[in-house]
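Only one structure is covered here, and it is reproduced in the block below.
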Amino acid sequence: MPGSALFPIALSALLVLGACAVPAPPVGMGAPRIAPAPDEKALIVFAAASLTESFGELAQRFEAEHPDAVVSLNFAGSQQLRSQLAQGAEADVFASANLTEIDAAIRESLVLSGTHRIFARNRLVAIVPTDNPGSVVTLADLARPGLKVVAVDNAVPAGRYTEDMLVKMSQDPAYGASFAESVLANVVSRESNVKSVVSKIRLGEADAGFVYATDVTPDAAREVIPLPIPDRINQPAEYPIAVLADAPHPVLAEQFVALVLSEEGQQVLERYGFIRGRAGQP
């Protein structure tokens, strides 16, 4: 029959199409914006979630200056990234939101001691939805019973910075000794990274949250209001960067780090709200 004669041909076509399908990258893993050509190299950069926008631009600049390279960005909480590296994930560069994870990476021989550099600093802010259902006007309001607060898990740098800051606030007479305890009692959700906190506030799933100042991007600012936290009680965040000891492309990796530390790179980071690093010193 004609239909039966066509069946093997159709089946063969389906098999060919299936073999050509490209599997989706694992959740949380950055993928190259353009698949590398045979003569191109994929530079893999693991970076803290708070660097999403700034490193996205730096990656584009790096690709423009290095036509033989395609940058693949993997953004997540710093602790999660370091864990992935310890489990054998391949990468060239690690940019963390704190020194703790870099120190752990050094102990695990993932990074050579003394090779990391502080390339940026950040500060914490509280954020509320634009309609402000919790009527949070001042930082002191965060301790009001019944408020719904979201924060980053304390296994992640932003979470630890937040808890350290709350302890400092409790030592300030302006907030009172029970401030940290009261705010933490209001925490209804612990997120894996700062971007998730921003998303929950934008969706109106909580009354307030703690993130980095750089997370209040122009896009996010349409739906969240930042409450600045004074320097005297803030917990500054330092961001180190390093080439991985087993980087597949060490020369390209060094060049990417050099771009981040350069005047050009520092200007990009400043435009996204970061504070300059300590002149590239470890």
Which residue, chosen from 149, 94, 114, occupies the Cα position most advanced towards the positive end of the dipole of segment 62-158, where the dipole is computed from +1 (Lys, Arg) and -1 (Asp, Glu) charges on Cβ about the Cα centre? 149
Could you give each residue of segment 126-134 its phi-based ³J(HN,Hα) in whole Hz, using Karplus coefficients 6.51, -1.76, 1.60 with θ = phi - 60°, and x for Gly or Pro? 9, 10, 9, x, 4, 7, 6, x, x
Please give the direction-averaged projected area of the C-alpha convex hull for segment 68-177, in square nanometres with one decimal. 10.4
Quick one: Cα centre-to-centre distance for segment 151-183 and segment 224-282, in angstrom? 24
Normalised by the residues of segment 124-228, what does the relative contact order come to in percent, with Cα pairs under 8 Å and at least six apart? 46
Excluding residues fewer than 8 places away in the same chain, name every one of the lysines whose C-alpha is closer than 23 Å to that of residue 168. 148
Beta carbons within 10 angstrom, averaged per residue: use that to sort the peptides 253-259, 44-50, 73-79, highest first. 44-50, 73-79, 253-259
Over all Cα pairs of segment 124-228, the Kirkwood radius sets Rh, and Rg/Rh then becomes 0.93
Over all directions, what mean area does the Cα convex hull of segment 89-133 project, stated in square nanometres? 5.4
In order over segment 202-219: 3J(HN,Hα) from phi, Karplus 6.51/-1.76/1.60, θ = phi - 60°, whole Hz, x for each Gly or Pro, gives 4, 7, x, 8, 7, 8, 7, x, 10, 9, 7, 4, 5, 7, 8, 6, x, 5
Got a sec to turn the phi values of segment 69-85 into Karplus ³J(HN,Hα) couplings, 6.51 cos²θ - 1.76 cosθ + 1.60 with θ = phi - 60°, whole Hz, x for Gly and Pro? 10, 10, 8, 9, 9, 10, 9, 5, x, 4, 5, 5, 5, 4, 5, 4, 5
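Values quoted throughout were computed directly from the atomic coordinates according to the rules given, and no laboratory measurement underlies them. This one's a predicted model, so the numbers in the text were calculated from it and none came from an experiment. Cβ atoms come from the backbone with ideal geometry, glycine included; neighbour counts cover every protein chain shown.
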